[in-house]
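Since the structure comes first, as structure tokens, the remarks are kept for the end.
The values are calculated or read from the model by the stated rules, or taken from the named source; none is laboratory data. This structure is a prediction, so every number in the text was calculated from the model and none was measured. Positions of Cβ are backbone-derived with ideal geometry, glycine not excepted, and every protein chain shown enters the neighbour counts.
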Amino acid sequence: MGKKINQLKAGAILSYAQIALNIIVGIAYTPVMLRILGKGEYGLYSTVASTISTLSILSLGLNSGYIRYFSKYKKNNDMTSIYKLNGLFVSIFTVIGIIMILCGAFLTANLDLIFDKGLTEQEYVIARVLMILLTISLSTSFLASVFAHIISANERFLFLKGLGMIKSVAAPVLTLPLLFGGYGSIGMVSTSLFISLVTDAIYLYYVIKVLKHKFYFRNFEKGVFKSLFVFTGFIALNLIAEQINHNLDKVLISRYLGTTFTAVYAVGYALYSYYTGFATAISGVFTPRVHNIVNATDNDERERTNRITELFVRVGRIQYIILALLTLGIIFFGREFIMIWAGEGYNDAYFVVVLLVVASVFPNAQMIGMYIQRALNKHRFRGVMYAIMALINIVLTILFIPHFGIIGATVGTLISQVIGNIIIMNIYYHKKCNINIFDYWKNIILMSKGLILPIAFGIVIKEYIDFSAISMMLLGIVAFSCVYAGSMWLFALNKYEKNLILSPIKKIMKK
């Protein structure tokens, strides 16, 4: 039991460490890559990568079903059924992997469907090579994800997260010499494919040699295949919508405006992805608490409802405190940061990241609601709603791009987020999940008093101080963060939140 607990704790710590490492590596590596590739090739790479990423919808959310059935068989120590489950997943994912390769081959042969003949002959050659390499990488990694899920189901988090961190560092270290050698995006993707294949081989070795797992490809349990698709159906719908929202804007921008505009959008979206990754990590810590409350047998319905609302509000407040700081920081310092980080010509990336962050600050602050829905087995609505949001996003993006460029594509995403994640989702939380959403918004409005002083401070320093130098920007960020912390402490934080900060300080002082 002790070893299991250590694995869980270490896995949680390494999860945060991996997110932090990915952000640090990305911030350090991206500007070098941008300057070597240039706008055109970086935009070309981003478009092809986004196009191939959409093929991951073929997974249909099946990955989420492995651990469910593994836990069922492991509880009864039924290793034969586990080995049959391994074989079933490898068989399904092999078929889907082949379909991915066929789809990738079709797209490679019909690039005009994506770029609308907006590339030079040389760019078409590069795009075809990138498409082939990325298709191979996605299909093989998809099959290898079965082995990663077997490792995760056996709670070998130290190995899994540790290897992930090594992979995060290895990619830029091995790629930079090729970029400086003039191999461009093809060298970059080739390196990524090589690292992916090595990682996949390590997963397979670990499963077979260390975990001693086997793969049976016959006599599958009746009904598992059908029930698997029933279980993952609405998760798949959610996955499809996410892929559309994350990747389609880049594809449409390349088609209607060109790859140089895609490069600018991709820079803004890269910063936004760091922001959302941080938000997701915070809320994920509370997942076990949600399930404990929902599944507790000693609570009546009223008490369960009150505890869910209390957790939703408490976690939402903590999320809002952190995300509001990040959002205001991006608004006040993002323009100068992008100029220093990405270089000249990426000014509009600032408006992209600001619009995306503003649209998602409240949905991200309510991320705990997604885990509550799943614990209550009410996640189907979310899947349908996300699909509708994706359709709205597609229509608005196509309508806005010709008139407003990449800002129009971002506004389409913003509008769909506000309608779906803020308005509709909050009504659903209140009506169907028994969360007192009025209590939540009352707390958020009262907390927002603490934002008045830092917003005023940010406006003043932006007016009188030039943050185009890195040293001045860092001083400005530190000063703004101190003002924000002081204002929130005085006007927003409650006793519980203050104790979260004071408690570890007191422990350190005692030691």
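Remarks
- Of all positions in the range 445-467, at least one carries a residue that is hydroxyl-bearing (Ser, Thr, Tyr) and farther than 18 Å from ASN364 by Cβ.
Each row is one residue, and each column tells you yes or no for (1) within 20 Å of TYR256 (Cα to Cα); (2) at pLDDT 85 or above; (3) of a type outside the set (Phe, Trp, Tyr); (4) touching a Gly at 6+ places or on another chain (Cβ under 6 Å).
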position: ASN377; (1), (2), (3), (4): no, no, yes, no
position: VAL384; (1), (2), (3), (4): no, no, yes, no
position: ILE392; (1), (2), (3), (4): yes, yes, yes, no
position: THR397; (1), (2), (3), (4): yes, yes, yes, yes
position: ILE444; (1), (2), (3), (4): no, yes, yes, no
position: LEU451; (1), (2), (3), (4): no, yes, yes, no
position: ILE455; (1), (2), (3), (4): no, yes, yes, no
position: VAL460; (1), (2), (3), (4): no, yes, yes, no
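- Condition check for GLU121: among the acidic types (Asp, Glu) and free of Cβ contacts under 8 Å to residues at least 60 places away in the same chain: yes
- Cβ-Cβ under 7 Å pairs, at least 6 apart or on other chains, the range 157-186 side at positive phi, far side buried (at least 18 other Cβ atoms within 10 Å of the Cβ): GLY184/LEU37; GLY184/GLU41
- Count of residues meeting criterion [in contact (Cβ under 8 Å) with a residue 40 or more places away in the chain and either of a type in the set (A, V, I, L, M, F, W, C) or touching a helix residue (DSSP H, G or I) at 6+ places or on another chain (Cβ under 6 Å) (or both)] in the range 72-91: 6
- Pair list, Cβ < 6 Å and 6+ apart or interchain, from the range 466-480 residues that are within 16 Å of LEU326 (Cβ to Cβ) to residues that are part of a loop (DSSP other than H, G, I, E, B): MET473/PHE467; GLY476/PHE467
- Flag if LEU356 is in contact (Cβ under 8 Å) with a residue 12 or more places away in the chain, assigned to a helix (DSSP H, G or I) and surrounded by fewer than 18 Cβ atoms within 10 Å (Cβ to Cβ): no
- Of all residues in the range 382-412, those satisfying the criterion of being under 30 Å from ILE308 (Cα atoms) and of a type outside the set (Lys, Arg) are GLY383, VAL384, MET385, TYR386, ALA387, ILE388, MET389, ALA390.
- Enumeration of residues in the range 182-210 that are touching a helix residue (DSSP H, G or I) at 6+ places or on another chain (Cβ under 7 Å) and over 18 Å from LEU134 (Cβ atoms): ILE202, TYR203, LEU204, TYR206, VAL207
- All told, ILE401 meets the bar of being in contact with a Leu (Cβ under 8 Å, 6 or more places away or on another chain), part of a helix (DSSP H, G or I) and not charged (D, E, K, R).
- Residues of the range 95-111 that turn out to be within 30 Å of VAL207 (Cα to Cα) and surrounded by 14 or more Cβ atoms within 10 Å (Cβ to Cβ), as a count: 6
- Considering the conditions (1) part of a helix (DSSP H, G or I); (2) over 24 Å from GLY334 (Cα atoms), ILE435 is excluded by exactly one of them, (1).
- Criterion: among the charged types (D, E, K, R), over 18 Å from LEU328 (Cα atoms), exposed (fewer than 11 other Cβ atoms within 10 Å of the Cβ) and not assigned by TED's automatic domain parsing to the domain that holds MET339 - qualifying residue of LYS498, LYS510: LYS510
- Residue check, VAL173 touching a Leu at 6+ places or on another chain (Cβ under 7 Å) and in the same structural domain as ALA28 (by TED's automatic domain parsing): no
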